[in-house]
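Let me begin by presenting the structure, written as structure tokens, before commenting on it.
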Amino acid sequence: AINWGNEQIDISGNWNADEEITIENPDDGTWWAVVNGFDVPNGSANFWLKRTVVSGDLLKVTNLTELNSTTIQSRFPNGSSVLAGQMPLTAFDVVVDYGMPADPGDWRGWIVLELASGGKIRLEYDYQLLDYPPELVFSTPLNGTRTNATLPVNLATSDIGDGFNLSSLSLEGDPSLLWDNLTISVEGVESNTSGSRDFTASWKHWNSGANLGNGTHYSETSGKLVIEAESYTATALGDPSNHTWEVNSSVLGYSGTGHMNATPDDDENITIGSRLDYSIDFNTPGQYYVWLRLSAPDLSGDSVGYGIDGQQLGLVEASRVDGQWAWAASGWANNQSQVATFTVQAAGRHVFSLWMLEDGISVDRVIIIDDWLYAPFGGNETTSTLYEEALMRAVWVNMTLPADEGWRTFWANVSDNFGKLNQTILMVEYDTVAPPIILYGWKLLTNVSNPDWLSVQTDVGTRVWIDGIEHPVDASGRAEMSLSLNPSEWSNVAGDPSDATTWEWVGLNTFRVDAVDLAGNWNQLEFDIVYDEAGPTNDLPAQVDKQVKFVQTTGESPNGSWAWPPFAGIDSDFSGALNARTGPLLLHLESIFDTRRMCVRLLDESGVSHYRDCEHQQTPPWGGDNSGHVRAAGTTSPRAQEPWAHVTFEFEVNQSQLLDGEYQVEVELLDFAENWGHENFTLKLDRTSPDVNWLSPANNITLLHHEFVAEWNISEPARVQVLIDGLAATEVTSQHTITSSASLVLESTGEHEVCIHAVDLSFGPDPNTVLECIIVQLPPETYIPTLTADWNGSVVNTPTVFADLHLGPDQAWSLSRLSNSTWIPVTSDRPGDADLSVPVGLLEGDNHIRFDISALDQMFVFVLEVNLDTQPPHLTIDSPPRDVHSSSWSTEVTGGCQPGLVVHVRIADESAAGPCADVGTYAVRIDLPGVDGLWLLNVSSTDIAGNLGWLAHNLTIDRRAPEARLEWEVNRCDPEPVPSVFQPEPLADCELILRVDFLDDDIVDWSLVIEREREIEHSVTGGSAGEQTLWFDFSEIARPGHWSASLLVSDPAGNNQLIELDIDAIAPENTLTAKVSEPGSLANMASIAGLLLLLVLWQRKQRRGPESHPIGTPLDPELFLDDYEDLDYEGLDDIEAMKMTSSIGPIGPPPTDEADFDLLEEVDVSAVVGELDDDGEPEDPVVDEGDEPDPSESESE
């Protein structure tokens, strides 16, 4: 056995026919087995060589249970065949688990049983792992699906063997799939224990064929890549091997999921640095520049090497070394800074690498770009996609069927790592087109009640329903029909009786065809059939329109083409006779729309035939068998196009050869349903004019009025028109009596011609007319009016004046007013012959009035002028203002007024007057009443029209100042503080409260000033007093001294009053006890010194023995505390701490000789101190000379 280094590792050496070598823990690499044969006959022999690899722990014993004798007996009732039929004494149940190996093939495992006797039994287990191709299936939809919706298309693939690469799964389509326009997602599982991940971008990249090689990689697009450093494709260890790149998140501010850190940071020399590789498909050759986002902790960790395809090209040094992130694109090399760049010679797969040069540095992002001017500072760059080549166990491709009509085929292929291939195919039809419905054998009109020749043609596989009943569809897509019809009629249901185009079918047979194809698309078709069982006839109910009509006659005359009567119908005033003199004429007849042929014959009153002819209609007027009545279902209209109720036929007749009179028109008809019909009409000819005779007025008569009545006789019914001077005055629509009349009106005076124009009631292009005229006279002097208005040219102050009019016969008048250069009508009337008074309403200011009086052919105009002034003169009061208060004895009243007028002013019994200046102002001084109170000031002015202007203001006279009162309600100071070394000049706290009473309610302004020792301490102001009493607390600023308060109050009239009040704030002197108890005060320090002195003397006395001599100098009682219960004794027990360097007090001079000390020793200091602790009077001390002082008590005291 030879290893991968060509070194012989072992040899069998047994020289037997069966040789075996066992190698424990072989090194990784390629191994060779070499066989050396001896004594080979003829120099050639066959042999077999078997390799067995024993490794791993996939075969496990998970449970071992010893069986009891009862179980052994039941298991082996006849003994064990392995033991030659003997009954086992001991047996075990062994549970073995097989783990699935990583590769397919024949696998063998052994379980070794170590016996208690020391022997071993090896049990062999064989396992064959088969490698099937990956499963590949379109889970939805089913193959061959036809649909009219964009269904989801799901492709699932899985492999329980060695797995498959993501790039080996491909999906194609016919027509080709436009991946950029598809909504697609790809999820996959990489192992049996991992969760699913999104592989959409990677799979689409692999499936598009845009990759330049296998393996996980990035793809350069538009000369730019943005890569997260932690998203590398491979790594390699360096020297030393303990320095590696690790994903970290210790430096905040990174992008992505983390950053790469060169660890550990121990400043060790790195010979060959660990490497980060990034596989990239470069689509564009050329020069690229490198940008790195680095974080350098110090100068010993501030650079990273870079290169391509295994060759290190240079380094990138961090632009800052404070641990913060910053972009860098250059490094120091060859004594100069060099930009990090490399060149891609040819498009393809290349590996960009980063080398660890120094430890501690971190890399967050890599940007590779072909623009040397690019700088990423502040940019938000989108990370390039990492196209992963992953070993998959399962992948699901989810997409939506494209909405393209027709069949679409999907092919999917997948191969595992051992080349086993699987394929699948899916065919789906996307069909949103409704199935066709073609109707055969249909015609609208029929005279058969049960037609059986109709059928429907549609797509094969389509289901068809006719009026909700399913009909079988044969292999060619045809469904036969047999129908039953009801009679139908064209009739006026809800339309216009005179307009047959608004009518509807009654009893129309309508059928509906529904069809659905295999894709679920529906289509509907409706068709109508008219069952006509009778031919054209006019023998119908009165509410039903005639089926045969004589519509009109037309022809040519010297004046052009003519048609009579109009299509709207024949007027009832016409006689029905035709007056056309020039032939030929056309007879226009209409028949029901299904008429196919019409024949006409003309007979006179004696039955002699003068004309015969026939006309045919080749196709029905509805335009064909399938127009309108075969339609898509759902229409609400009974027809799809505008129907024709009747068909027109024309016959040419030369009437100029016929005499006047009545002729019979016989009509014969045949419809498309082969039904016959007949009808008769009458044609009259009349070409003779009527006669006219005037009755009144007589010719050349003089009229007294422009309105009169004319009368005449006529020989036959006719249309009559009365003309005055050639213009139509009135018209008698039709005169059927011999005598007729009309009321006429002449529009002017003088001579007039009155004519009768008559036309008989015949119709056609050559009317029969007559014209008869007379002359009448109308004198002009009858129609001259007069107007009287005495206010014309004056000024009035009433809004209505009157004008007196005298009018002629039936004269009309109108009143207008001039406004903005336009005369606006106000009123008008036609009273007849009359004298009347007309009221005229005036507007403020100048009025221009015009009366227009008609006199037939003349117009009389009267223009009047008048000025209306009803407004009081302009007047205002500017001073004094309204509701003002005044303390004066006179005032000047000023304001606006109308120039030239006199202004009067009055208040109480006082009055004054003055002129209004040209500028429109006045100033009048007037005395004011001597009594205070509310007075009314009146101002008035009267203009030349007598209009009075008047204004009044309230004026309050107030000559008394307002009243108020001050009172120091609280004046209290604490005792004067004791000076101390801590506060040499203390001030006492005081409480000062000032009360202010406002005694008048017309105070509008007040101010309060507080002074101490003539210095302002506080001031406050206010408007209306509001509350009548106010309190001001100055305690926060109060201190002893002389205080003064000044209050100034004002009323609306300007009256002021000042109220002043002084007070002294005095702090009482403190007691001696307070002085002594004040820490740091002179008395306090003296008392403490005295106590200390007493204590010293007492201690000396104790050492020398008790004495009974009294103290020569008595202690001052003021040195002792009298109000001690109010003091805080905390800390007073430490007498030594309160010792002063010097003291003064009333206890006398300090001891100077031994005699004085002897006297002090006789004093019982404990009794003195006891008095300070008792509430009562101090008792006389009793000293027991025989008792020794208690040391503990001495210490306490």
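Computed quantities for the displayed model
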quantity	calculated
Condition met for residue 841 (farther than 15 Å from residue 861 by Cβ, surrounded by fewer than 14 Cβ atoms within 10 Å (Cβ to Cβ) and in contact with a strand residue (DSSP E or B) (Cβ under 8 Å, 6 or more places away or on another chain))	no
Exclusive hit being modelled with pLDDT under 85, within 30 Å of residue 129 (Cα to Cα) and in a loop (DSSP other than H, G, I, E, B), set 25, 36	25
Scan of segment 313-351 for residues that are of a type in the set (Lys, Arg) and closer than 24 Å to residue 282 by Cβ, ordered by number	349
Failed condition for residue 980, given (1) within 30 Å of residue 1041 (Cβ to Cβ); (2) at pLDDT 90 or above; (3) surrounded by 17 or more Cβ atoms within 10 Å (Cβ to Cβ)	(2)
Filter result (under 20 Å from residue 508 (Cβ atoms) and surrounded by fewer than 19 Cβ atoms within 10 Å (Cβ to Cβ)) within segment 429-444	439, 441, 443
Residue selected from segment 366-388 under the condition in contact with a Phe, Trp or Tyr (Cβ under 8 Å, 6 or more places away or on another chain) and of a type in the set (D, E, K, R), by the criterion farthest from residue 233 (Cα to Cα)	371
Selection from segment 449-464 of residues that are assigned to a loop (DSSP other than H, G, I, E, B) and in contact (Cβ under 8 Å) with a residue 40 or more places away in the chain	449, 451, 458, 459, 461, 462
Residue that is nearest to residue 578 (Cα to Cα) [pool: residues in segment 763-797 that are among the charged types (D, E, K, R) and assigned to a loop (DSSP other than H, G, I, E, B)]	766
Total residues in segment 398-429, condition under 21 Å from residue 520 (Cα atoms), touching a residue at least 60 places away in the same chain (Cβ under 8 Å) and either acidic (Asp, Glu) or touching an Asp or Glu at 6+ places or on another chain (Cβ under 6 Å) (or both)	3
Only one of 822, 798, 786, 782 that is under 22 Å from residue 703 (Cβ atoms) and among the polar types (S, T, N, Q)	782
Residue 330 vs. criteria at pLDDT 90 or above, surrounded by 18 or more Cβ atoms within 10 Å (Cβ to Cβ), touching a His at 6+ places or on another chain (Cβ under 7 Å) and among the hydroxyl-bearing types (Ser, Thr, Tyr)	no
Residue check, residue 258 outside the structural domain of residue 161 (by TED's automatic domain parsing) and in contact (Cβ under 8 Å) with a residue 40 or more places away in the chain	no
Complete set of residues in segment 579-604 that are modelled with pLDDT of 85 or more, crowded, with 17+ Cβ neighbours inside 10 Å, not polar (S, T, N, Q) and not in a strand (DSSP E or B)	580
Residues being part of a loop (DSSP other than H, G, I, E, B), under 52 Å from the mean Cα position of the chain (by Cα) and under 19 Å from residue 223 (Cα atoms) - total across segment 317-351	3
Which numbered condition residue 120 misses (of (1) over 30 Å from residue 182 (Cα atoms); (2) basic (Lys, Arg); (3) surrounded by 10 or more Cβ atoms within 10 Å (Cβ to Cβ))	(3)
Every residue from segment 1075-1088 that is in a helix (DSSP H, G or I) and surrounded by fewer than 19 Cβ atoms within 10 Å (Cβ to Cβ)	1082
Selection count, segment 197-230, where residues are of a type in the set (A, V, I, L, M, F, W, C) and farther than 12 Å from residue 388 by Cβ	6
Segment 282-316, residues that are in a loop (DSSP other than H, G, I, E, B) and touching a Pro at 6+ places or on another chain (Cβ under 7 Å)	none
Only one of 892, 910 that is without any contact (Cβ under 8 Å) to a residue 40 or more places away in the chain and in contact with a Lys or Arg (Cβ under 6 Å, 6 or more places away or on another chain)	892
Matching option when the condition is within 30 Å of residue 880 (Cα to Cα) and either under 60 Å from the mean Cα position of the chain (by Cα) or at pLDDT 85 or above (or both), among 1061, 1048, 1030	1048
Test set (1) surrounded by 11 or more Cβ atoms within 10 Å (Cβ to Cβ); (2) assigned by TED's automatic domain parsing to the domain that holds residue 400; (3) farther than 11 Å from residue 395 by Cβ - residue 196 fails condition number	(3)
Residue ID - modelled with the highest pLDDT, chosen from residues in segment 479-499 that are in contact with a Phe, Trp or Tyr (Cβ under 8 Å, 6 or more places away or on another chain) and outside any loop (DSSP other than H, G, I, E, B)	487
Subset of segment 866-882 (residues that are in contact with a Ser or Thr (Cβ under 7 Å, 6 or more places away or on another chain), part of a strand (DSSP E or B) and either buried (at least 17 other Cβ atoms within 10 Å of the Cβ) or at positive phi (or both))	866, 875
Qualifying residue in segment 521-541 (condition: of a type outside the set (Ser, Thr, Tyr), closer than 19 Å to residue 589 by Cβ and modelled with pLDDT of 85 or more)	no
Single residue of segment 738-757 satisfying the filter (closer than 12 Å to residue 773 by Cα and hydrophobic (A, V, I, L, M, F, W, C)) that is surrounded by the fewest Cβ atoms within 10 Å (Cβ to Cβ)	755
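Yes/no per residue for (1) modelled with pLDDT of 90 or more; (2) in contact with an Asp or Glu (Cβ under 7 Å, 6 or more places away or on another chain):
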| position | (1), (2) |
| --- | --- |
| 57 | no, no |
| 74 | yes, no |
| 84 | no, no |
| 92 | no, yes |
| 100 | no, no |
| 107 | no, no |
| 125 | no, no |
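Yes or no, residue by residue, for (1) at pLDDT below 85; (2) under 30 Å from residue 946 (Cα atoms); (3) aromatic (Phe, Trp, Tyr):
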residue	(1), (2), (3)
850	no, yes, no
856	yes, no, no
866	no, yes, no
885	no, no, no
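Yes/no matrix, rows are residues, columns are (1) touching an Asp or Glu at 6+ places or on another chain (Cβ under 6 Å); (2) among the hydroxyl-bearing types (Ser, Thr, Tyr); (3) part of a strand (DSSP E or B):
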| position | (1), (2), (3) |
| --- | --- |
| 805 | no, no, yes |
| 824 | no, no, yes |
| 828 | no, yes, yes |
| 846 | no, no, yes |
| 849 | no, no, yes |
| 854 | no, yes, yes |
| 861 | yes, no, yes |
| 864 | no, no, yes |
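The values are calculated or read from the model by the stated rules, or taken from the named source; none is laboratory data. The structure presented is a predicted model; accordingly, all values stated were derived computationally and were not measured. Note that we place each Cβ from the backbone using ideal geometry, even for glycine, and neighbour counts take in every protein chain shown.
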